[in-house]
Amino acid sequence: MGMEAFLALLNDAWFFLSHIAGRSSFPKPLKPAEEKALIEAMLAGDESAATHLIEHNLRLAAHIAKKFAQSGVDADDLVSIGSIGLIKAVHTFRPEAGKLTTYASRCIENEILMHLRARKKSRLTVSLNEPI
């Protein structure tokens, strides 16, 4: 991931956090024609189209995060982690891959699973300074 892509990811994450802080509900999903037009605009270089795609698919990230509610991780943290997966999905999506929601679902779930695995791995790590 290049520096420009990383900065775009941070910008989108900041947008997400400000969105959640300002509203209690997610925007409605896009209609297929609207989604297609935004994807085409995003592929043509329109960053605001990518932002709209992310914003209107936040509900998907929250829905997938609910599946991992019993993992011991705070629900808000799971939604945030899933949103990072959504941001990555939108920025790497290509129409040849199929539907955005299908692609994003896998990316969101993978991001959450990677976090849970890393958390489990770090929990199993014992420091030499800790008493046994």
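The values are calculated or read from the model by the stated rules, or taken from the named source; none is laboratory data. Computed from a predicted structure; not experimentally measured. A quick note on method: Cβ atoms are made from the backbone with ideal geometry, for glycine too, and the neighbour counts reach across all protein chains shown. For the accessible areas, the whole protein counts, side chains as well, though only heavy atoms, and no ligand, DNA or RNA atoms are used. Shrake-Rupley method; radii C 1.70, N 1.55, O 1.52, S 1.80 Å.
Residues of the stretch 7-42 that are of a type in the set (D, E, K, R) and either touching a His at 6+ places or on another chain (Cβ under 6 Å) or at pLDDT 55 or above (or both): Asp12, Lys28, Lys31, Glu34, Glu35, Lys36, Glu40. Scanning the stretch 71-87 for any residue that is under 28 Å from Ser25 (Cα atoms), at pLDDT below 95, part of a loop (DSSP other than H, G, I, E, B) and open to solvent by 40 Å² or more (accessible area, probe 1.4 Å) turns up at least one such residue. Within the stretch 35-70, the residues that satisfy the criterion of being farther than 15 Å from Ser25 by Cα and of a type in the set (S, T, N, Q) are Ser48, Thr51, Gln70.
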